[in-house]
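Report on the structure given below.
The values are calculated or read from the model by the stated rules, or taken from the named source; none is laboratory data. Treat the numbers as computed from the prediction; the structure is a model and nothing was measured. Glycine gets a Cβ as well: all are built from the backbone with ideal geometry, and neighbour counts include every protein chain shown. Note: accessible area is taken over every heavy atom of the protein model, side chains too, but ligands, DNA and RNA are not part of it. Shrake-Rupley method; radii C 1.70, N 1.55, O 1.52, S 1.80 Å.
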Amino acid sequence: MQSRRKKRTVPRIVSRKQKGRKIVMITAYDATFARLAEAGGADMVLVGDSLGMVVQGHETTLPVTLEDMIYHTRAVSRGLDTTHLCGDMPFMSYKVSPEQALTNAGRLVQEGGAESVKLEGGVEMADTIARIVAAGIPVVGHVGLTPQSVHAIGGFKMQGKSGIGRVQLIEDAKAVADAGAFALVLESVPLELAETITAEVPIPTIGIGAGPHCDGQVLVIYDMLGMNEGFAPKFLKQYAHLGQTIREAVTAYAEDVKHGLFPGPEHSVSMRDTKRKTQEAPIYGGPSKATAH
Ligand code: KIV
C-alpha cells in the first residue's frame, strides 16, 4: 500500500534546517506540471515570475502582472495536494508601501491559493515582510541576484563577489530573517557566501546558482527539463532533454498527418463501435485528475 505523504507545512519546512534534511523546490506554472512536480517529490512549488520569460516569452520578469500571477498560481494549486505552494509577488506589486504589499499578498493567497508569497529584496523590505507576516501570510525572501532589479544591477549577474557586496548580502539575509520570513532564496552568489549566510540565518536558505551548502535548492522546471535549449549556465543541470523530445514528437506527428498515417483505425471511432458502447470517455471532460495519464 502506498504511504500517504505528509503535507509540507511551513513549520515542517522550517524544521528541515535543524534536521539537516534538504528542501526540494521547483517552479511550475500550470496544473499538469504541478502534479508531476508533486509526484516527483518536490517539497515546495514556486509559481515564479520567471513565467514572464519561460511562458510568456519576455526578456525579463518585469512585464508580469499580479493578475498573471494569480491566474497561474490558481492553476498550479489545482495540481497540488501535499506540496507547499509559494506564489511570487511580481514587479511593482509590493514596493510602493507595506499596505500595498499586504493587499496584494492577500490576493495571491485568497484568489490564487498560495500558501506563502515570495518577494525580492533585503534590508529595505524588512518592514514590508514584517507587515505581511503579521497578517498571517508566510513569506519567502529572495536576495542575491534579484531579477526584478535587472536594470539597476546591469544584467543577470552574479552578486556578492566584492567585499562590500558580501557584507551587504549578509546584512540583507539577516534582515529578511529577523523580519519574520520563514525561508530565503539565494540566487546567483558565490558558494562560500551562500555557506556563510546559511550558517548565520536561522531560516532555511534555498539556492539557485548558489552552490551546495544551502538548505535546499530551486530550479526553473523548463530549464531543468531541457526545454529552454539555448540556456545552459554553469549552475544548471538538465535532468532531461524535453526540448529535443518534444521537437522530435511534433515532427513525427506532422509527418504522420501529412502522409495520412494519423489517425489510423486504432485512433478512430466508427458507428459500430459507438453502438457496442466500447468507447472510453472523451479526452476533455473525460479523465479526472486521478485517472489522467
Ligand atoms: O521566478 C522564479 O522562478 C524565481 C526562482 C528562480 C527562485 O524567483
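Every residue, every condition in (1) within 16 Å of residue 144 (Cβ to Cβ); (2) among the charged types (D, E, K, R), yes or no:
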position	(1), (2)
178	no, yes
187	yes, yes
193	yes, no
197	yes, no
219	yes, no
257	no, no
265	no, no
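Please go through region 134-151 and give me each residue that is out of contact with any Ser or Thr (no Cβ under 9 Å at 6 or more places or on another chain) and open to solvent by less than 30 Å² (accessible area, probe 1.4 Å), ordered by number. Hits for region 134-151 are 141, 142, 143, 146. Might you check whether a residue that is under 10 Å from the mean Cα position of the chain (by Cα), surrounded by 22 or more Cβ atoms within 10 Å (Cβ to Cβ) and closer than 18 Å to residue 139 by Cβ occurs anywhere in region 50-66? Scanning region 50-66, I find no residue that is under 10 Å from the mean Cα position of the chain (by Cα), surrounded by 22 or more Cβ atoms within 10 Å (Cβ to Cβ) and closer than 18 Å to residue 139 by Cβ, so the answer is no.
Residue-level check: of (1) part of a helix (DSSP H, G or I); (2) open to solvent by less than 50 Å² (accessible area, probe 1.4 Å); (3) free of Cβ contacts under 8 Å to residues at least 40 places away in the same chain, residue 222 misses just (3). In region 15-49, which residue that is more than 13 Å from the ligand (Cβ to nearest atom) and among the polar types (S, T, N, Q) is most open to solvent (accessible area, probe 1.4 Å)? Restricting to residues being more than 13 Å from the ligand (Cβ to nearest atom) and among the polar types (S, T, N, Q), the top hit is 18. Residue pairs whose Cβ atoms lie under 6 Å apart, sitting 6 or more positions apart in sequence or on different chains, and linking a residue in region 49-60 that is touching a residue at least 12 places away in the same chain (Cβ under 8 Å) to a partner that is assigned to a loop (DSSP other than H, G, I, E, B) and away from the ligand (no atom under 11 Å from the Cβ), are 52/58; 52/63. Among the residues making up region 132-178, those that are more than 16 Å from the ligand (Cβ to nearest atom), of a type in the set (A, V, I, L, M, F, W, C) and either closer than 24 Å to residue 58 by Cβ or part of a helix (DSSP H, G or I) (or both) are 132, 133, 134, 152, 164, 167, 170, 175, 177.
Every condition in (1) crowded, with 16+ Cβ neighbours inside 10 Å; (2) part of a helix (DSSP H, G or I) holds for residue 203 except the one numbered (2).
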